[in-house]
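Structure, as structure tokens:
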Amino acid sequence: MQNKVNMIFDLDDTILDFKKGAQEGLEKILNQYPVPDVRFGEWLEVFNAVNRDVWREIEAGGSPKEWLDTRFEKTYQKFNIKQDGVYLENTYRSFLDENFHLIEGAEVSLTHLKEQGYKLIAGTNGQSSTQRKRLKGTGLDRVFDEVIISDEIGVAKPDPRFFKELFDQNAEITPENTVMIGDSLHSDIQGAINAGMTSIWFNPLKLDNQTNIKPDYEVHSYEALEHLLVADRLQYTK
């Protein structure tokens, strides 16, 4: 491409294997703070339901810290156990800080794109300390020109204000020459739509799209993503 496209990458489950690290961390929580006669799978099902509700509130504009600090307390309440939600959230966060698992192909493709002169931006919802420690721990902080974290700017995807500071401070980066790549239809793809950007749904599990959110492109691997971006197959639709 003569005019290099700018690329915003989500982190969790797009570059970083969040599910693997999260499960390891949650297993440690339950091992340290067990629920009598409850297996991990049962406890995890309850936590996941609570966590989905928490993230819906955050994506609707709620305070990430305030909502995340409630999820362990609410989970244990379902089992009639009182726990310090803030303490458990901080403990869990310390486990996540050490999650350096990567999605297959991510490091190789990001390195290739960086070497070819593309501007790479990390754009993620989540806690600042956790995301920055994980980027540094994997060594991928070297490939990103910019890092945008909801915790630092006070607004989360899919709110278009998540991208506003990036566009305001970089005249050469516009919605028209930027593509958003992520695994979440509700935050990444809807966020791209709200901001007027081209979107690529990274869907390695080949999940069915059962929503009304329509990405411009869908890929199932980093090899396919790199081919789409570099082989000049990407057509702007905005």
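The values are calculated or read from the model by the stated rules, or taken from the named source; none is laboratory data. The shown structure was predicted, so the numbers you read here are calculated from the model rather than taken from an experiment. In this analysis, Cβ positions are derived from the backbone assuming ideal geometry, glycine residues included, and neighbour counts consider all displayed protein chains. Surface accessibility is based on the protein's heavy atoms, side chains included, excluding ligands, DNA and RNA. Shrake-Rupley method; radii C 1.70, N 1.55, O 1.52, S 1.80 Å.
When nucleic acids and ligands are ignored and a 1.4 Å probe is applied, residue 81 ends up with an accessible area of around 40 Å². Between the stretch 119-137 and the stretch 89-107, the C-alpha centres lie 10 angstrom from each other. Quick check: from the Cα gyration tensor, does the stretch 19-102 come out rounded (a/c under 1.5), prolate or oblate? Oblate is the answer for the stretch 19-102, as a/c is 1.5 or above yet b/c matches or exceeds a/b. Taking only Cα atoms, what is the 0 to 90° angle, nearest 10, from helix 85-96's long axis to the longest principal axis of the chain? Taking Cα atoms only, the helix is inclined about 50 degrees. With 0.36 nm allotted per residue and the present C-alpha distance subtracted, the residue 30-residue 98 stretch has 22.7 nm of extension available. Suppose R0 equals 30 Å; then what is the FRET efficiency for residue 19 and residue 171 from their Cβ-Cβ distance, rounded to the nearest 0.05? The computed FRET efficiency comes out at 0.20. The modelled label-to-label distance for the pair residue 212/residue 231, using points 7 Å beyond Cα in the direction of Cβ, is 3.4 nm. One Cα centroid belongs to the stretch 140-173, the other to the stretch 178-198; the line between them spans 13 Å.
Helical runs assigned H by DSSP (4 residues or longer) give the chain a calculated mean residue ellipticity at 222 nm of -13000 deg cm²/dmol, each run adding -39500 (n - 2.57) before division by the residue total.
Let's see if you can work this out: charge +1 on each Lys and Arg Cβ, -1 on each Asp and Glu Cβ, no other charges. What is the dipole magnitude of the chain about its Cα centre, in debye to the nearest 20? The partial results should precede the final answer.
Working: 27 positive and 40 negative charges, 33 e Å.
That gives the chain a dipole magnitude of about 160 debye.
Scan [x] 0.93; [y] 0.98; [z] 1.22 for the value of Rg/Rh (Cα atoms, Kirkwood Rh) calculated from this model and give just the label. Entry [y]. Projected onto the charge dipole of the stretch 13-130 (+1 at Lys/Arg Cβ, -1 at Asp/Glu Cβ, origin at the Cα centre), which of 62, 72, 122 gives the Cα projection farthest towards the positive end? In the stretch 13-130, that residue is 62.
Pairs to check: 82/164; 114/157; 65/206; 19/157. Give those whose C-alpha atoms are more than 30 Å from each other in this structure. Mind showing how you got there, number by number?
Values: 82/164 41 Å; 114/157 24 Å; 65/206 32 Å; 19/157 19 Å.
Check vs 30 Å cut-off fails for 82/164; 65/206.
Counted residue by residue at 0.36 nm each, then reduced by the alpha carbon distance between them, the extension gain from residue 116 to residue 223 reaches 37.0 nm. Couplings 3J(HN,Hα) for the stretch 176-188, derived from phi with the Karplus relation 6.51 cos²θ - 1.76 cosθ + 1.60 (θ = phi - 60°), are 6, 10, 10, 10, 9, 10, x, 8, 9, 5, 6, 9, 6 Hz, where x marks Gly and Pro. For the set 94, 150, solvent exposure ranked by accessible area (probe 1.4 Å, protein chains only) runs largest to smallest as 94, 150.
Quick check on packing: order 180-189, 62-71, 11-20 by the mean number of other C-beta atoms within 10 Å, highest mean leading.
Values: 180-189: 24.4, 62-71: 16.6, 11-20: 21.5.
The densest-packed peptide leads the list: 180-189, 11-20, 62-71.
Counting only Cα atoms, the stretch 133-238 measures 32, 30, 27 Å along its principal axes, largest extent leading. Rolling a 1.4 Å probe over the protein heavy atoms leaves residue 218 with an accessible area of roughly 90 Å².
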